[in-house]
């Protein structure tokens, strides 16, 4: 005789419950072990990322500091050169005055010139004021003064910029870093605004 339908449903329910009760224990222990492993790997990954981020921030801070120092140094040199140019323009525009016998040279040595400066000799009492003071240089080809404008100093760089090249492309082509190229472009813009 067959068991009653209620009995078969109860037996089937008990079998399913027993099977379900045994399964989570086996898979649960595996899940906890893999959870611990993946959590440890995740923590290690986070530590590595944090260390790399700190190193990157330090490198960026050092680069910014170096660039700021370079910009300051170049800015001071530009101000010194502009001051020197104004002096020379004032000297060339002012009428020649009588020079005392024991006067100093007309062109003084400055820190911005190389060590082999050209000094103008002082006129003696025998030279008249109308006579030009002649500077004798043995090798004129060795002494070259740099162009006075940014555009004159970096024509290739500014030409590439005028053609629409990016800062990265210009830096790569000129063998410079991007900060230098950006500084030169800013100085050229400032110079053009100043002269406009």
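The values are calculated or read from the model by the stated rules, or taken from the named source; none is laboratory data. No experiment lies behind these values; they were computed from the predicted model shown. Neighbour counts run over all protein chains shown; Cβ positions are idealised from the backbone, glycine included.
Take the conditions at pLDDT below 90 and farther than 25 Å from residue 82 by Cα and apply them to residue 134. Does it pass? Even if it seems obvious, please write down each step before you answer.
Details: at pLDDT below 90: yes; farther than 25 Å from residue 82 by Cα: yes.
When the stated conditions are applied, residue 134 passes them.
Screening residue 159 against (1) more than 30 Å from residue 61 (Cβ to Cβ); (2) modelled with pLDDT of 60 or more; (3) exposed (fewer than 10 other Cβ atoms within 10 Å of the Cβ) leaves a single unmet condition, (3).
Within the stretch 63-81, identify whether any single residue is over 16 Å from residue 184 (Cα atoms), more than 12 Å from the chain's Cα centre (by Cα) and either exposed (fewer than 10 other Cβ atoms within 10 Å of the Cβ) or modelled with pLDDT of 90 or more (or both), and answer yes or no. So far as the stretch 63-81 goes, yes, one or more of its residues are over 16 Å from residue 184 (Cα atoms), more than 12 Å from the chain's Cα centre (by Cα) and either exposed (fewer than 10 other Cβ atoms within 10 Å of the Cβ) or modelled with pLDDT of 90 or more (or both). In the stretch 161-185, the residues that are part of a loop (DSSP other than H, G, I, E, B) form Cβ pairs under 7 Å with partners that are crowded, with 17+ Cβ neighbours inside 10 Å and at pLDDT 90 or above, at six or more places apart or across chains, as follows: 177/171.
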